[in-house]
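Here's the structure, in structure tokens; my notes come after.
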Amino acid sequence: MKRIRSLKETLIRMRDLSDLMVELGYSAILQDDIELTREVNKIKREIRELTYEMRVSAIYAAKGLSKDEIPQVASLLQIGVAVKEISDGIDDMVEIVARGVHPVVKAVYRRDTIMKRMIIEKGCRIEGKSLEKAKIPEETGFMIRAIRRGDDWIFEPGAKTVLKPGDIIFLKGKDVAIRKMTEYAKTKKEKTAKDNK
């Protein structure tokens, strides 16, 4: 049976996912990026599951509480409802990408920073390295906003977090740095092919 998260754990995960979803949603529109839109949809599905889990956790938490304490649990559930409404709103917003982003949208919002999704390929120069040793911000100007590893998320990766093959990293930085990041994260095979041209 699946472990039931505590209300606190569920709220923290919902907070982290909704923060990331808002950033990815705006980035998907401003960059006209269908891959980021797909990531937003995945997050929305997870938030829906977490909303259900939160109700289950609230029932467990409410056992043995006094009449005065039950409204406090109800207010926590209201946060879950609000997070789901945020995720629904962002989901509606990113539908624009499928229809095509109007130039006015790009003109209205500044694009100082962008977000990119990148997969850690087996054999690339940063695979198997800790973030401290990978030196992504120093070499490329990008910071890692989050890492998705299978169905798991690492929202605040630290210096000791090791990048594994198949990790999906969400990078945030200046758009001029994306070419540097793409070049920096290439596999040895790709680098050799380029050098032989």
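The values are calculated or read from the model by the stated rules, or taken from the named source; none is laboratory data. What you see is a predicted model, and the numbers here were worked out from it, not measured in a lab. Cβ coordinates were reconstructed from backbone atoms using ideal geometry, including for glycine residues, and neighbour counts include every protein chain displayed.
Table for the structure above
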| item | result |
| --- | --- |
| Extreme residue, surrounded by the fewest Cβ atoms within 10 Å (Cβ to Cβ), among residues of the range 104-123 that are in a strand (DSSP E or B) and modelled with pLDDT under 90 | 114 |
| Test for residue 151: is it modelled with pLDDT under 90 and not assigned by TED's automatic domain parsing to the domain that holds residue 20 | yes |
| Checking residue 87 against (1) modelled with pLDDT of 85 or more; (2) under 20 Å from the mean Cα position of the chain (by Cα); (3) not assigned by TED's automatic domain parsing to the domain that holds residue 14, the condition it does not meet | (3) |
| Some residue of the range 30-52 being more than 17 Å from the chain's Cα centre (by Cα), part of a helix (DSSP H, G or I) and not aromatic (Phe, Trp, Tyr) | yes |
| Some residue of the range 77-95 being loosely packed, with under 14 Cβ neighbours inside 10 Å and not in a helix (DSSP H, G or I) | no |
| The range 58-78 residues that are free of Cβ contacts under 8 Å to residues at least 12 places away in the same chain, paired with ones that are in a loop (DSSP other than H, G, I, E, B) and of a type outside the set (A, V, I, L, M, F, W, C) (beta carbon under 9 Å, 6 or more apart) | 62/69 |
| Failed criterion for residue 66 (all others in (1) at pLDDT below 90; (2) of a type in the set (Gly, Ala, Ser); (3) part of a helix (DSSP H, G or I) hold) | (3) |
| Qualifying residue in the range 127-134 (condition: at pLDDT 85 or above, of a type in the set (A, V, I, L, M), under 19 Å from residue 7 (Cα atoms) and surrounded by 14 or more Cβ atoms within 10 Å (Cβ to Cβ)) | no |
| Residue tally, condition over 18 Å from residue 100 (Cα atoms), in a helix (DSSP H, G or I) and modelled with pLDDT under 85, over the range 1-29 | 2 |
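To keep it simple, each residue is scored yes or no on (1) more than 30 Å from residue 113 (Cα to Cα); (2) surrounded by fewer than 16 Cβ atoms within 10 Å (Cβ to Cβ).
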position: 11; (1), (2): no, no
position: 57; (1), (2): yes, no
position: 60; (1), (2): yes, yes
position: 70; (1), (2): yes, yes
